[in-house]
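So the structure is just underneath, and the comments pick up after that.
The values are calculated or read from the model by the stated rules, or taken from the named source; none is laboratory data. Model, not experiment: these values are computed from the prediction. Methodologically, a virtual Cβ is constructed for each residue, glycine included, from the backbone with ideal geometry; neighbour enumeration extends over all protein chains shown.
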Amino acid sequence: MALWMEKGSEPQTESEKADLDAITALKESAAIELKEKGNEYVKKGKKHYSDAIDCYTRAINNQALSDSETSVLFSNRAHVNFLLGNYRRALTDAEEAIKLSPTNLKALYRAAKASLSLNLLTESISHCKNGLRHDLSNQELKKLLGQVESKKMEHEQREAQVSKALSEAKDLVSAIEKEA
């Protein structure tokens with residue numbers, strides 16, 4: 001019986017192979033069910049977000065799905081964390097999703113949004129551009145990229161103003177010290 005097999009050992013009989021296949025199918029089915037349950041919790045609203053995160057986490061920990069399916073789980077959990085204002089967790093999950101499936105546009109978008117919320121503007125721009133490399137016509141990514149680039153430009157202008165004011169203040173202090 002496959003349940004009593006040593007970890008890492010190969011099935012020796014057809015019966016053990018069939019048992020192992022059945023266990024794998026059960027784990028996969030459970031993970032898919034947890035994903036669907038998590039999606040239902042998200043639709044129910046904010047009161048149920050922690051339940052959704054729990055479902056996605058359990059499905060991820062099940063390690064029964066393909067990389068692309070697991071990427072969707074991380075991306076879904078990133079979405080819920082973002083909705084809760086857990087931007088760092090959202091970014092971490094979105095980046096895990098991207099590692100598993102580099103073309104996951106939702107994960108790239110969610111990573112860009114979380115980065116923007118954390119004021120990581122260069123990183124946000126990078127995620128947007130990465131997503132647009134995979135889908136040039138993605139309007140949400142284009143719009144977000146415009147917002148991030150605009151915010152970055154404002155930030156750079158503010159920094160230049162502060163730097164100029166600081167320089168002028170230093171010059172003023174030097175002039176006052178010379179007169180004294």
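Quick one: what pairs do we get from the stretch 94-116, first residue within 11 Å of Ala78 (Cα to Cα), second among the basic types (Lys, Arg) and surrounded by fewer than 20 Cβ atoms within 10 Å (Cβ to Cβ), C-beta under 9 Å, 6+ apart or different chains?
From residues that are within 11 Å of Ala78 (Cα to Cα), the pairs are Ala94/Lys106; Ala97/Lys106; Ala114/Arg88; Ala114/Arg89.
Just checking, which of Ser71, Ser50 is at pLDDT 95 or above, under 30 Å from Glu28 (Cβ atoms) and surrounded by fewer than 15 Cβ atoms within 10 Å (Cβ to Cβ)?
Values: Ser71 fails: surrounded by fewer than 15 Cβ atoms within 10 Å (Cβ to Cβ).
Every option except Ser50 fails the conditions.
Across the stretch 134-144, what is the number of residues that are free of Cβ contacts under 8 Å to residues at least 24 places away in the same chain and of a type outside the set (Ser, Thr, Tyr)?
Here is the first cut: in the stretch 134-144, the residues free of Cβ contacts under 8 Å to residues at least 24 places away in the same chain are 136-137, 139, 142-143.
Subset that is of a type outside the set (Ser, Thr, Tyr): 136, 139, 142-143.
So the count comes out to 4.
Does at least one position in the stretch 121-140 carry a residue that is in contact with a Ser or Thr (Cβ under 7 Å, 6 or more places away or on another chain) and among the acidic types (Asp, Glu)?
Yes, some residue in the stretch 121-140 is in contact with a Ser or Thr (Cβ under 7 Å, 6 or more places away or on another chain) and among the acidic types (Asp, Glu).
Taking Asn76 and the conditions (1) among the polar types (S, T, N, Q); (2) crowded, with 16+ Cβ neighbours inside 10 Å; (3) under 21 Å from Ala25 (Cβ atoms), which numbered condition does it fall short on, given that it satisfies the others?
Failed condition: (3).
A quick yes/no check of all residues on (1) surrounded by 11 or more Cβ atoms within 10 Å (Cβ to Cβ); (2) without any contact (Cβ under 8 Å) to a residue 40 or more places away in the chain; (3) of a type in the set (S, T, N, Q):
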position	(1), (2), (3)
Ser124	yes, yes, yes
Gly131	yes, yes, no
Glu149	yes, yes, no
Arg158	no, yes, no
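If a residue has to be outside any helix (DSSP H, G or I) and either on the phi > 0 side of the Ramachandran plot or not small (Gly, Ala, Ser) (or both) to count, how many in the stretch 39-77 make the cut? Talk me through it step by step, then tell me what you get.
Going through the stretch 39-77, the residues outside any helix (DSSP H, G or I) turn out to be 45, 63-66.
Adding the requirement that they be either on the phi > 0 side of the Ramachandran plot or not small (Gly, Ala, Ser) (or both) leaves 45, 63, 65.
Qualifying residue count, the stretch 39-77: 3.
Go through (1) charged (D, E, K, R); (2) exposed (fewer than 14 other Cβ atoms within 10 Å of the Cβ); (3) farther than 30 Å from Leu132 by Cα one by one and return the number of the condition Glu28 breaks.
Among (1) charged (D, E, K, R); (2) exposed (fewer than 14 other Cβ atoms within 10 Å of the Cβ); (3) farther than 30 Å from Leu132 by Cα, Glu28 violates only (2).
Out of the stretch 81-120, which residues are surrounded by 20 or more Cβ atoms within 10 Å (Cβ to Cβ), within 21 Å of Asp67 (Cα to Cα) and of a type in the set (Lys, Arg)?
Arg110
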